[in-house]
Amino acid sequence: MKLLLLTDLPPSRDYTASIFLEKLVSFLPIDSVACFNVLNRYLNPVIPPELAWLPIRKMVKPLENSGVKRFGAVRSLVVETYNRLLVLPKIADEVIKYFQLVGANAILVPIQGQTMIYLAKLVAQKSHATLYPLVYDHPGWWIRENKIHPWIARQVLNDFGDVLRYGTKTSCCSWEMSKYYKALYGIQTVPVVAGLEKKFAQKPSINATSKTEFSICLTGQIYSSNEWGALIAALSMTKWKIAGKNIKIKLLAPQVNQYAKGQPLNIEFMGWRPQKEIIKICANSDLLYCPYWFDPEFEMEARLSFPSKLTNYLASGRPVFFHGPSYASPAKFLRKNHAALFCYSLNPKVIVEKLEEIMTNSELYRSLAFNGRFTFDHYLTTDCMRESFYQLLDIK
């Protein structure tokens, strides 16, 4: 098989999605894959030296956020209609030419956002190539975030369904998403979830790191701002002291969230770190915080998505603190494997009670750490990811 990766982010180590793709490409023999990159003009991902052999053809991706600007609704309708009628058909023609030039016979295409969804549809219609769509999240989140015109939004959702039906098999980034789209569209799906090399995983910890301080670590983008805000409110209510220990938050995020401002003595802002370093920092923390949306507006995303930070958390050998609705995809996964402390409330008092429970119950702390590492070993290693990817492509 010769695979063409059609993507808006090339395999690299700069973004969560590009790290995921880098791992997928690493599973394939050299010269068995080429890349067509429709890249956002404001991004500059760096291709790692290990992928210097990868042929990449680049084109500029049309801007997708016209809806957030002045006269957004009208602007979104005009710009997106123009892109659909004139810009994307030309890009699709270039994709097909490159597909033929490199001698590919199948296309792997991550579909997130209106551009890649419609481009994938055009390429599938024009080329009749074997297609493997890859879904990170339900498109509703992207539509709301970019304030896409309602008429265009309906078209995007219809296009999304068409692309999944065109696909030979669809790669989904969670087990719940895989089951949902299989039932909804009557298609073959395979859950391909982000994995980590087992050699980087840490031994499960039997107790906290300190008798006087208890550190809570949060990594990655803070999308669940209400949940994060509720945690800060809970800690502020106790003056950042629970069960006789001072509470400290280690925040490994690209930028300080609004709720973190004004808390310099209690929050250590550590910025974006490489994955290997993240694992070590998590392992040297006491509790790993995973917030997820309670807001009904994000119910579909909560039900289907799977946070990549969980792979790092479960590999770190420390207990996970899941803070979100019980119906969420990660909640179901963690609950099935007895691998987290759960808080299904935004009430600060309930949050404090949960934190006090894990801080004072040594047996609970120990069991969650061991169950988390066991869960990582059985579901979230690179070997697991490779096996699922090969299942998607029917590679023996």
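The values are calculated or read from the model by the stated rules, or taken from the named source; none is laboratory data. Keep in mind the model is a prediction, meaning the values are calculated, not measured. Every residue, glycine as well, gets a Cβ built from its backbone with ideal geometry; the counts of neighbours run over all protein chains shown.
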Fill in: Residues of the stretch 173-208 satisfying the condition of being farther than 16 Å from LEU314 by Cβ and without any contact (Cβ under 8 Å) to a residue 40 or more places away in the chain
SER178, LYS179, LYS182, ALA183, LEU184, TYR185, GLY186, ILE187, GLN188, THR189
Worksheet item: Looking at this structure, is ASP286 in contact (Cβ under 8 Å) with a residue 40 or more places away in the chain and farther than 20 Å from PHE214 by Cβ?
Response: no
Item to complete: Check the stretch 64-71 and report whether any residue there is at pLDDT 90 or above and among the aliphatic types (A, V, I, L, M).
Response: no
Item to complete: Go through LEU184, LEU164 for me and flag whichever is buried (at least 21 other Cβ atoms within 10 Å of the Cβ), modelled with pLDDT of 95 or more and under 24 Å from GLN125 (Cα atoms).
Response: LEU164
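This table checks each residue for (1) in a loop (DSSP other than H, G, I, E, B); (2) among the hydroxyl-bearing types (Ser, Thr, Tyr); (3) in contact with a helix residue (DSSP H, G or I) (Cβ under 6 Å, 6 or more places away or on another chain).
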residue	(1), (2), (3)
LEU21	no, no, no
ILE30	yes, no, no
TYR42	yes, yes, no
MET59	no, no, yes
Discussion item. Six or more apart or on different chains, Cβ atoms under 6 Å: show the pairs whose first residue is in the stretch 144-169 and over 11 Å from PRO133 (Cβ atoms) and whose second is of a type in the set (Asp, Glu) and surrounded by fewer than 20 Cβ atoms within 10 Å (Cβ to Cβ).
Written reply: none
Discussion item. Being surrounded by 23 or more Cβ atoms within 10 Å (Cβ to Cβ), in the same structural domain as PHE389 (by TED's automatic domain parsing) and either more than 19 Å from the chain's Cα centre (by Cα) or among the acidic types (Asp, Glu) (or both) narrows it down to one residue among ILE107, ILE111; which is it?
Written reply: ILE107
Discussion item. Quick check on my filter: what residues within the stretch 173-218 are aromatic (Phe, Trp, Tyr) and in a helix (DSSP H, G or I)?
Written reply: TRP175, TYR180, TYR181, TYR185, PHE200
Worksheet entry | Subset of the stretch 286-323 [under 16 Å from the mean Cα position of the chain (by Cα), of a type in the set (Gly, Ala, Ser) and outside any helix (DSSP H, G or I)] | SER305, SER308
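Taking the conditions exactly as written (closer than 24 Å to LEU28 by Cα, part of a loop (DSSP other than H, G, I, E, B) and hydrophobic (A, V, I, L, M, F, W, C)), does ALA104 satisfy them or not? Write out each step before concluding.
Numbers: closer than 24 Å to LEU28 by Cα: yes; part of a loop (DSSP other than H, G, I, E, B): yes; hydrophobic (A, V, I, L, M, F, W, C): yes.
Yes; evaluated as a whole, the condition is true for this residue.
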Worksheet entry | Members of the stretch 324-350 found to be closer than 18 Å to CYS384 by Cβ, over 19 Å from the mean Cα position of the chain (by Cα) and surrounded by fewer than 24 Cβ atoms within 10 Å (Cβ to Cβ), listed by number | LYS336, ASN337
Item to complete: Determine the pairs where a residue that is modelled with pLDDT of 90 or more, located within the stretch 264-283, has a partner that is buried (at least 18 other Cβ atoms within 10 Å of the Cβ) and hydroxyl-bearing (Ser, Thr, Tyr) with Cβ atoms under 6 Å apart, the partner being 6 or more residues away or on another chain.
Response: ILE278/THR219; ILE279/SER316; CYS282/SER316; ALA283/SER316
Worksheet item: Looking at the stretch 1-32, which of its residues are hydrophobic (A, V, I, L, M, F, W, C) and either touching a residue at least 60 places away in the same chain (Cβ under 8 Å) or outside the structural domain of TYR132 (by TED's automatic domain parsing) (or both)?
Response: MET1, LEU3, LEU4, LEU5, LEU6, LEU9, ALA17, ILE19, PHE20, LEU21, LEU24, PHE27
Discussion item. Being farther than 30 Å from LEU5 by Cβ, without any contact (Cβ under 8 Å) to a residue 60 or more places away in the chain and crowded, with 18+ Cβ neighbours inside 10 Å is true for just one of ASN371, ASN361. Which residue is that?
Written reply: ASN371
